[in-house]
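Peer 1: One structure follows; several queries about it will come next.
The values are calculated or read from the model by the stated rules, or taken from the named source; none is laboratory data. In this text, all values refer to a predicted model and were calculated from it rather than measured experimentally. Cβ: placed from backbone, ideal geometry, glycine included. Neighbour counts: every protein chain shown. Just so you know, the surface numbers come from the protein's heavy atoms only, side chains and all, with ligands and any DNA or RNA stripped out. Shrake-Rupley method; radii C 1.70, N 1.55, O 1.52, S 1.80 Å.
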Amino acid sequence: MGMVYTFGFAYLNFLGIFAILILREQDHFWKSRPSTFLAVTMIAEVLIVIFISLFGILELAPIGYTTIFAILGFTSMTTFLINDPIKVYVTRKLKSTIEIF
């Protein structure tokens, strides 16, 4: 059961970290560079989540390298390849709708 908690912990943390990157910009996330402080804290958080997931802490059981990097890859792909284009589309659609009124 602890591995399920660790899986959820890693997934939700990575999703939150990547969501910050796409939500800070109305256009595509690569259009502007994040500040150095934001980039460093995000990298640090990713490394901390990887460390906790690999070695376990409290009720979180350790999971393997393959699993943690699969979670990291899946969350980054869904966030940047699916969520970001949807965000840009909806933002542009809402802007055009708001400008009419």
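Peer 1: Return the only residue of Ala61, Ala19 being in contact with a Gly (Cβ under 6 Å, 6 or more places away or on another chain), touching a residue at least 12 places away in the same chain (Cβ under 8 Å) and not charged (D, E, K, R).
Peer 2: The match here is Ala61.
Peer 1: Can you name every residue in segment 1-22 that is in contact with a Phe, Trp or Tyr (Cβ under 9 Å, 6 or more places away or on another chain) and at pLDDT below 90?
Peer 2: Within segment 1-22, Leu21, Ile22 meet the criteria.
Peer 1: For segment 1-19: of the residues being of a type in the set (Phe, Trp, Tyr) and under 8 Å from the mean Cα position of the chain (by Cα), which is least open to solvent (accessible area, probe 1.4 Å)? Give the steps one after another, and end with the answer.
Peer 2: From segment 1-19, those of a type in the set (Phe, Trp, Tyr) are 5, 7, 9, 11, 14, 18; that's our starting set.
Narrowing the set further to residues that are under 8 Å from the mean Cα position of the chain (by Cα) leaves 14, 18.
Working: Phe14: 0, Phe18: 25 Å².
Once the filter is applied, the top-ranked residue is Phe14.
Peer 1: Can I ask one more? Can you tell me which residue within segment 60-99, out of those that are of a type in the set (D, E, K, R) and exposed (fewer than 14 other Cβ atoms within 10 Å of the Cβ), is nearest to Ala19 (Cα to Cα)?
Peer 2: The extreme case among them is Arg92.
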